[in-house]
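Q: Got a structure for you, written out below as structure tokens; questions coming shortly.
Every number here is computed from the coordinates shown, using simple stated rules; none is lab data. Small disclaimer: the values here were computed from a predicted structure and weren't measured. Note that each Cβ is placed from the backbone with ideal geometry, even for glycine, and that neighbours are counted across all protein chains shown.
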Amino acid sequence: MGTIDTRVPAGLYAITDSRLTPSETLIASVEAAIRGGAVMVQYREKHAPMTERLAQAKSLQSVCSAAGVPLLINDDIELAKRVGAAGVHLGQTDGSASEARHLLGDSAIIGITCHADLTLAETATKAGADYLAFGRFFNSSTKPNTPAAPTDILAQAKRFRKPITAIGGITSQNGEQLIRSGADLLAVVGGLFGGSPETTERNAKLFQRLFASHHSIKTENSRRPHK
């Protein structure tokens, strides 16, 4: 059995990207991902002006809240607080878990990037992370300079008793091996977004089926039918 925190469900973790989910299609794309079975969404936007980021994050929070799907904000604890997001995902240089916990509260979901380093994972666990993210596992246009991670790190990380997220070049064709190796969530950008909303929904359903077939814990999202 896995070690799923009830706030961190197993399944597809949809991550936005301004190239693949530009402002004019952002909401429709995320709605499609959720219809297809995404269990968490991360708003990742590093370059837009704050006014635009705030407006987009507010809109996404409304969509995710209505669907009962947690929205996390990438790197920006203050923005997560302002829009009432469920939590935040932090890289190694993007603020501390303790700072996020203080500002966002005990119920917030805090994820930490651990690359391919179990020492970073141990530090993140001690700091109070709610899930640990490893990757990249495959060639990735969004993480081209990140060192590759071996799949066996997912199984090794189970000792921390935290939900494990895999990221980096993941598609519905290569995701099964990561779930079987120990991933509780697959964080997906290009393998999910970039086409029409119909294509995004179809891609999300493929990931949902992988979890329904290969993950040891079936969440509400993996049990519910998807048309």
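Q: What residues of segment 136-166 lie in the reach of a label at residue 180, counting those whose backbone N is under 16 Å from a point 7 Å from the Cα along Cα→Cβ?
A: Under cut-off, by backbone N: 151-155.
Q: Got a sec to turn the phi values of segment 93-105 into Karplus ³J(HN,Hα) couplings, 6.51 cos²θ - 1.76 cosθ + 1.60 with θ = phi - 60°, whole Hz, x for Gly and Pro?
A: 10, 10, x, 9, 4, 5, 4, 5, 5, 4, 7, 9, x
Q: Oh, and also: Please state the charge dipole magnitude for segment 11-215, taken about the Cα centre, from unit charges on C-beta atoms (+1 on K and R, -1 on D and E), reported in debye and rounded to the nearest 20.
A: Values: 20 positive and 19 negative charges, 69 e Å.
Using only the charged Cβ atoms, the result is roughly 340 debye.
Q: Which links in 58/205; 58/126; 81/162; 46/81; 81/205; 158/205 stretch past 28 Å when you go from one Cα to the other? Before the final figure, lay out each step's value.
A: On the way: 58/205 26 Å; 58/126 31 Å; 81/162 23 Å; 46/81 17 Å; 81/205 31 Å; 158/205 26 Å.
Pairs exceeding 28 Å: 58/126; 81/205.
Q: So what's Rg/Rh here for the chain, counting alpha carbon atoms and using the Kirkwood radius for Rh? It would help to have the intermediate numbers written out before the result.
A: Values: Rg = 15.8 Å, Rh = 17.1 Å.
My calculation of the ratio gives 0.92.
Q: When the Karplus curve 6.51 cos²θ - 1.76 cosθ + 1.60 is applied with θ = phi - 60°, which whole-Hz ³J(HN,Hα) does each residue of segment 20-31 get, with x for Gly and Pro?
A: Karplus values, whole Hz, x for Gly and Pro: 9, 10, x, 3, 6, 10, 4, 5, 4, 5, 5, 4.
Q: Another question, then. Give me the three principal axis extents of segment 7-96 from the C-alpha atoms, as integers in angstrom, largest value leading.
A: 31, 30, 21
Q: Related question: Normalized C-alpha radius of gyration of segment 94-161, against 2.2 N^0.38 Å? If you can, show how the numbers build up before the last one.
A: Values: Rg = 12.8 Å, N = 68, 2.2 N^0.38 = 10.9 Å.
Computed over Cα atoms of segment 94-161, the ratio equals 1.17.
Q: Write down the radius of gyration of segment 76-203 and its Dmax, each obtained from C-alpha positions, in Å.
A: Cα only, segment 76-203: 14.9, 41 Å (Rg, Dmax).
Q: Continuing with this model, one more query. Tell me, in nm to one decimal, what length is gained between residue 117 and residue 209 on full extension, where the rule is 0.36 nm per residue of separation less the Cα-Cα distance?
A: 30.2 nm
Q: In addition: Between residue 139 and residue 159, take the C-beta separation as r, use R0 = 22 Å, and let me know the FRET efficiency to the nearest 0.05.
A: The formula returns an efficiency of 0.20 here.
Q: How would you rank 41-52, 62-73, 197-208, highest first, on the average number of other Cβ atoms within 10 Å across their residues?
A: Details: 41-52: 15.7, 62-73: 18.7, 197-208: 20.4.
Packing proxy ranking, top to bottom: 197-208, 62-73, 41-52.
Q: Could you please state, rounded to a whole Å, how far the C-alpha centre of segment 66-95 is from the C-alpha centre of segment 164-183?
A: Result: 23 Å between the Cα centres.
Q: Name the residues whose placed amide hydrogens come within less than 5 Å of the amide hydrogen of residue 109, ignoring near sequence neighbours (fewer than 5 apart) on the same chain.
A: Residues meeting the amide H criterion: 87, 88.
Q: Which Cα, out of 98, 187, 83, lies furthest along the positive dipole direction of the chain (beta carbon charges, K/R +1, D/E -1)?
A: Selected residue: 187.
Q: Right, next: Along the Cα→Cβ direction, 7 angstrom out, place labels at residue 217 and residue 7. What is the inter-label distance in nm?
A: That separation, rounded to one decimal, is 1.4 nm.
Q: Can you work out the Karplus-derived ³J(HN,Hα) for every residue in segment 119-131? Use 6.51 cos²θ - 1.76 cosθ + 1.60 with θ = phi - 60°, whole Hz, and x for glycine or proline.
A: 3J(HN,Hα) across segment 119-131, in whole Hz: 5, 5, 5, 5, 4, 5, 4, 5, 7, x, 4, 8, 8.
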